[in-house]
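A.B. asks: Can you read through this structure? Questions will come right after.
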Amino acid sequence: MSGLIQASNLYLQRGNKQLLSGLSFSIQAGKITVILGPNGAGKSSLLLALAGLIPADGELLLNGANMAGYQRAALAKQVAWQGELPPTEFGLTVKQRLLLARGDNDRDMSPAVSAMEIETLLKRPLAELSSGERQRVELAALMLREVPVWLLDEPTAHLDLKHQAHCLKMMKKQAAAGRAIVTVLHDLQQAVVVADFIIFIDGKGYAESGPADQMLTIDRLSTLFDTPLIGQGKLLVPDYGDGI
């Protein structure tokens, strides 16, 4: 089954390091794909390649057309990338940031504001917010963009437990409405909760993709992260041993 994004025999290199070799996968509308792997494996680089921000070898199609052939403005209408928190030196308030994200689509901002619980922040400058508050603002800004594909780099980073849960629920709701979501996560429990599909990257050239129920096994994850895991009910946790 073809997807909004189709990657075939993808190779990705940063500097002299081969991050992945021969990876193929399909990003489907209405599904959440989670990228997992150790630090420095290339998860963020894969997102950047899917956003058309860095080159990759192999075939990368968006809506059946070669992604390299898209103009930047046309690509931005199809794919939204949310990564590191943007700079704050421009002096924008939260409301101004949201208006900038919305552009000219005249979309009602209140559902996004409510979903991320930032009603009390609207008049405040971005520079005065905590990292967690700024992350919630950026997630609300993303919700205001009318694009079919979201690429999220650790969207729950900086968030407290309550807002991590809100973020995951929002992602599932957006996927249920037909959006395709690709996200990097570090928390295995969050991956178990939201993932329909999984991409593994080990940073040594190995990469693999497949349905979440086939990929999220103790043996596979222990190999990927090079550390033993144990199951505690539905939880997957590192085996810390008896001394901890």
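The values are calculated or read from the model by the stated rules, or taken from the named source; none is laboratory data. Remember, predicted model here, so these are calculated numbers, not experimental data. Here the Cβ is made from the backbone with ideal geometry for all residues, glycine too, and neighbour counts use every protein chain on show.
A.B. asks: Kindly evaluate Ile199 against the criterion of being surrounded by 13 or more Cβ atoms within 10 Å (Cβ to Cβ) and within 13 Å of the chain's Cα centre (by Cα).
C.D. replies: On the way: surrounded by 13 or more Cβ atoms within 10 Å (Cβ to Cβ): yes; within 13 Å of the chain's Cα centre (by Cα): yes.
Spelling it out, Ile199 is indeed surrounded by 13 or more Cβ atoms within 10 Å (Cβ to Cβ) and within 13 Å of the chain's Cα centre (by Cα).
A.B. asks: Could you tell me how many of the residues in segment 32-45 are within 20 Å of Leu75 (Cα to Cα) and touching a Gly at 6+ places or on another chain (Cβ under 9 Å)?
C.D. replies: 1
A.B. asks: Looking only at segment 193-227, which residues are out of contact with any helix residue (DSSP H, G or I) (no Cβ under 8 Å at 6 or more places or on another chain), at pLDDT 90 or above and aromatic (Phe, Trp, Tyr)?
C.D. replies: Phe225
A.B. asks: Only one residue in Leu216, Leu159 is within 24 Å of Leu85 (Cβ to Cβ) and not polar (S, T, N, Q). Which one? So that I can check it myself, show each step before the final result.
C.D. replies: Numbers: Leu216 fails: within 24 Å of Leu85 (Cβ to Cβ).
Result of the check over Leu216, Leu159: Leu159.
A.B. asks: Moving to a separate point now. Is one or more of the residues making up segment 180-194 polar (S, T, N, Q) and either farther than 24 Å from Arg134 by Cβ or surrounded by fewer than 19 Cβ atoms within 10 Å (Cβ to Cβ) (or both)? Explain how you work it out, then say what you get.
C.D. replies: Residues of segment 180-194 polar (S, T, N, Q): 183, 189-190.
Now drop any that are not either farther than 24 Å from Arg134 by Cβ or surrounded by fewer than 19 Cβ atoms within 10 Å (Cβ to Cβ) (or both), which leaves 189.
The answer is yes, given that some residue of segment 180-194 is polar (S, T, N, Q) and either farther than 24 Å from Arg134 by Cβ or surrounded by fewer than 19 Cβ atoms within 10 Å (Cβ to Cβ) (or both).
A.B. asks: Hey, another quick one. Inspect all residues belonging to segment 66-76 and state whether any of them is buried (at least 19 other Cβ atoms within 10 Å of the Cβ), more than 23 Å from Asn105 (Cα to Cα) and not acidic (Asp, Glu).
C.D. replies: For segment 66-76, residues buried (at least 19 other Cβ atoms within 10 Å of the Cβ), more than 23 Å from Asn105 (Cα to Cα) and not acidic (Asp, Glu): present.
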